[in-house]
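Student: Quick one: structure below, then a few questions.
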Amino acid sequence: MEDKIIIKGAKEHNLKNVDLELPRNKFIVFTGLSGSGKSSLAFDTIYAEGQRRYVESLSAYARQFLGQMEKPNVEYIEGLSPAISIDQKTTSKNPRSTVGTVTEIYDYLRLLFARVGEVHCSVCGAKISQMTIQEIVDKMMEFPERTKLQILSPVVRGQKGTHKKLIENIKKEGFVRIRVNGENYEVTDEIDLSKNKKHNIEVVVDRIVIKDGIESRLTDSIETAVKLSDGLVIAQIIDGEEILYSTKFACPEHGVGIEELSPRMFSFNAPFGACETCNGLGESKEVDPDLVIPNKDLSIKQGAIAAWGSVGVNDDTYYSKMVQSLANHFGVSIETPVKDLPEEFVHELLYGTNNVMVQFIYESKYGGRREYQAYFEGVIPNLERRYRETNSEYSRDKIEEYMAETPCPKCKGARLKKEVLSVLVDGKNIMEVTDFSVNELVEYIENINLSEKQKFIAHEILKEIRGRAIFLRDVGLDYLNLSRKAGTLSGGEAQRIRLATQIGSALVGVLYVLDEPSIGLHQRDNDRLIKTLRHLTDIGNTLIVVEHDEDTMRECDYIVDIGPGAGVHGGQIVAQGT
């Protein structure tokens, strides 16, 4: 009994009291005409009952979040496992979902960049590293014994102004010496700085000779210096070189900083990482002049301004009179085709940049004649304003017909802030990696250049990314880019992505129900798919596949033909066996 699924009296939809025995841990195909009842048996009976029983085994607390599940119309089923369905309607149409986020590879990439990413300045591209105070002390202790050091705190770096108040404060804090633009002064000296030139001011915190036992004094001095300058300290060897240390990720040159690296900074769905202009969508919707006036052979009178529907065609409307008034101002006729109108007029009509005063009398929809006098707004600013201000879904959808999606002007479609994009792993930022195809990603991961320490940290993460990418390759999706929007995938691609995720989870003892996974696949990729499905049964799962494809039928262990006709003429088992 253990190795069978036994179904008695299935009457869901058009099934006619079907009794059926299926082998467990085998690859089973349900086939038959469209509408014969294959999906009713596979999804609405077997899968629905498998899922319902699994959910009922959970605690009452967990069940309240999952809702009540309908019991399918069947007398009884035994030998069921928890069921997982993989159908064609599963991907998200959310504009924020990408292949990377759906397959969860992007989550691992975020982790990789947060743990082993090297921060660079987003202005000059120089590498920035951060050090703890202890690391700075250790570095300074590496200088040869008897080296004379001056510990400086850079409080002003390349800023204009006389900085009188700052120097006053330094004096109050009890410091004696400062260095201004490379010259040493006492704080009591008369220091006159030009207001319009950029200056550098460093406070001399301490003078030290490197020798054993000096560590605690050095630590105190560095802590004082770091506190004053917000994270920076300079070690100047007397009559020698200067070395700048930073306890933060900040470019000493440009001061462009970044907080402690964390995975959330690389997410375009969180405010910490998302580009502020497009909120992480990578594109912005803008009114497109070519959609506002699609046919320039028409005149305004014939309705050339498509976005303002009845303008010109109906002379009595508010917008018609406004356009007529503008035309009068420019001395042009609204019966001239748009392509022959002066450029200046068309530009003003679209953008309303010249503050042209228009006035006219119109019939108010609330009754009575009214006089209108104001600056001409322009068709495009008018649409943008109404799009922002309206609460009506209908109006928004209507205006969206005249909008086109353009890459975000700030992030150029990369979705993330530029500071985040200047964190590199092996010379690539996270968006360059997501633009790789699955094949290129596998190659990048296999040949990645990391230091020994980075390799140790990233070992498990890289293994996980590579594994998932290889599963995608196995189901024939090696051409997809991780940055591709999930909403642009075909039904077959979406289903195979879910399939790859399931193979990746390597569960055992599960009942998988699939809906025509071969749809849209070339014969060459079909063999790879069948190999993948076979792998699921090899590790100990039962597979029920609703399918019309001959290759899949020939490869399976057990086949059930449902029919003989469709609808009321179907719902019976016509044939079953190996």
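Student: Which pairs turn up if I take residues in the range 119-145 that are over 12 Å from THR247 (Cβ atoms) and look for partners that are at pLDDT 85 or above and assigned to a helix (DSSP H, G or I) with beta carbon separation below 7 Å, at least 6 apart in sequence or on another chain?
Tutor: Final answer for the pair search is SER122/LYS418; SER122/GLU419; MET140/LEU218; MET141/GLU215.
Student: Condition first: small (Gly, Ala, Ser), buried (at least 20 other Cβ atoms within 10 Å of the Cβ) and touching a helix residue (DSSP H, G or I) at 6+ places or on another chain (Cβ under 9 Å). Can you find one or more residues in the range 501-511 that meet it?
Tutor: Taking the range 501-511 and keeping what is small (Gly, Ala, Ser), we get 504-506, 509.
Next, only the ones that are buried (at least 20 other Cβ atoms within 10 Å of the Cβ) stay: none.
There is no residue in the range 501-511 that is small (Gly, Ala, Ser), buried (at least 20 other Cβ atoms within 10 Å of the Cβ) and touching a helix residue (DSSP H, G or I) at 6+ places or on another chain (Cβ under 9 Å).
Student: How many residues, within the range 205-232, are in a strand (DSSP E or B) and crowded, with 20+ Cβ neighbours inside 10 Å?
Tutor: The total comes to 2.
Matching residues to (1) part of a helix (DSSP H, G or I); (2) touching a residue at least 40 places away in the same chain (Cβ under 8 Å); (3) not hydrophobic (A, V, I, L, M, F, W, C):
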{"residue": "GLU440", "(1), (2), (3)": "yes, no, yes"}
{"residue": "ILE461", "(1), (2), (3)": "yes, yes, no"}
{"residue": "ILE465", "(1), (2), (3)": "yes, yes, no"}
{"residue": "GLY487", "(1), (2), (3)": "yes, yes, yes"}
{"residue": "ARG498", "(1), (2), (3)": "yes, yes, yes"}
{"residue": "ILE503", "(1), (2), (3)": "yes, no, no"}
{"residue": "VAL513", "(1), (2), (3)": "no, yes, no"}
{"residue": "PRO517", "(1), (2), (3)": "no, yes, yes"}
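Student: Restricted to the range 407-424, and to residues that are touching a strand residue (DSSP E or B) at 6+ places or on another chain (Cβ under 8 Å) and part of a helix (DSSP H, G or I), which residue is surrounded by the most Cβ atoms within 10 Å (Cβ to Cβ)?
Tutor: Out of the qualifying residues, it is VAL420.
Student: Also, quick follow-up: Among the numbered criteria (1) surrounded by 15 or more Cβ atoms within 10 Å (Cβ to Cβ); (2) under 30 Å from ASN184 (Cβ atoms), which one does GLU241 miss?
Tutor: (1)
Student: Can you find, within the range 60-82, the residue that is nearest to GLY9 (Cα to Cα) among those that are of a type outside the set (A, V, I, L, M) and within 35 Å of the chain's Cα centre (by Cα)?
Tutor: Just the residues of the range 60-82 that are of a type outside the set (A, V, I, L, M), to begin with: 61, 63-65, 67-68, 70-73, 75-76, 78-79, 81-82.
Among the residues that remain, those that are also within 35 Å of the chain's Cα centre (by Cα) are: 61, 63-65, 67-68, 82.
Details: TYR61: 33, ARG63: 28, GLN64: 30, PHE65: 31, GLY67: 26, GLN68: 23, PRO82: 21 Å.
Looking at residues that are of a type outside the set (A, V, I, L, M) and within 35 Å of the chain's Cα centre (by Cα), I get PRO82.
Residue-by-condition table, conditions (1) surrounded by 14 or more Cβ atoms within 10 Å (Cβ to Cβ); (2) part of a loop (DSSP other than H, G, I, E, B); (3) out of contact with any Asp or Glu (no Cβ under 6 Å at 6 or more places or on another chain); (4) at pLDDT below 90:
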{"position": "GLU276", "(1), (2), (3), (4)": "no, yes, yes, yes"}
{"position": "ASN295", "(1), (2), (3), (4)": "no, yes, yes, no"}
{"position": "LYS301", "(1), (2), (3), (4)": "yes, yes, no, yes"}
{"position": "ALA307", "(1), (2), (3), (4)": "yes, no, yes, yes"}
{"position": "VAL311", "(1), (2), (3), (4)": "yes, yes, yes, yes"}
{"position": "ASP316", "(1), (2), (3), (4)": "no, yes, yes, yes"}
{"position": "TYR319", "(1), (2), (3), (4)": "yes, no, yes, yes"}
{"position": "SER325", "(1), (2), (3), (4)": "yes, no, yes, yes"}
{"position": "VAL332", "(1), (2), (3), (4)": "yes, yes, yes, no"}
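Student: Tally the residues that are part of a helix (DSSP H, G or I) and under 17 Å from LEU482 (Cα atoms), restricting the search to the range 88-140. First the steps, then the outcome.
Tutor: So the first thing to find is which residues in the range 88-140 are part of a helix (DSSP H, G or I), and the list is 99-102, 105-116, 133-140.
Narrowing the set further to residues that are under 17 Å from LEU482 (Cα atoms) leaves 99-102, 105-113.
Result for the range 88-140: 13.
Student: Still on this structure, I have one more. Give, as residue ranges, the helices (runs of 4 or more DSSP H) completely inside the range 29-87 that count at least 3 residues that are touching a residue at least 40 places away in the same chain (Cβ under 8 Å), assigned by TED's automatic domain parsing to the domain that holds VAL508 and surrounded by 15 or more Cβ atoms within 10 Å (Cβ to Cβ).
Tutor: Ranges flagged: 38-41.
Student: Moving to a separate point now. Would you pick out the residues in the range 112-125 that are surrounded by fewer than 17 Cβ atoms within 10 Å (Cβ to Cβ) and either in the same structural domain as LYS211 (by TED's automatic domain parsing) or small (Gly, Ala, Ser) (or both)?
Tutor: GLY125, the sole residue that qualifies.
Student: Could you please let me know if ASP107 is touching a Pro at 6+ places or on another chain (Cβ under 8 Å) and under 29 Å from ALA494 (Cβ atoms)?
Tutor: Yes: the conditions hold for ASP107.
Student: Give the number of residues within the range 4-28 that are part of a loop (DSSP other than H, G, I, E, B) and in contact (Cβ under 8 Å) with a residue 60 or more places away in the chain.
Tutor: 9
Student: Condition first: surrounded by 14 or more Cβ atoms within 10 Å (Cβ to Cβ) and among the hydroxyl-bearing types (Ser, Thr, Tyr). Can you find one or more residues in the range 126-134 that meet it?
Tutor: No, the range 126-134 contains no residue that is surrounded by 14 or more Cβ atoms within 10 Å (Cβ to Cβ) and among the hydroxyl-bearing types (Ser, Thr, Tyr).
Student: If you take the residues of the range 141-168 that are of a type outside the set (S, T, N, Q) and part of a loop (DSSP other than H, G, I, E, B), which of them is nearest to the chain's Cα centre (by Cα)?
Tutor: Restricting to residues being of a type outside the set (S, T, N, Q) and part of a loop (DSSP other than H, G, I, E, B), the top hit is GLY161.
The values are calculated or read from the model by the stated rules, or taken from the named source; none is laboratory data. Just so we're clear, the structure is a prediction, and the values are computed from it rather than from any experiment. Note: ideal-geometry Cβ built from the backbone for every residue, glycine included; neighbour counts use all protein chains shown.
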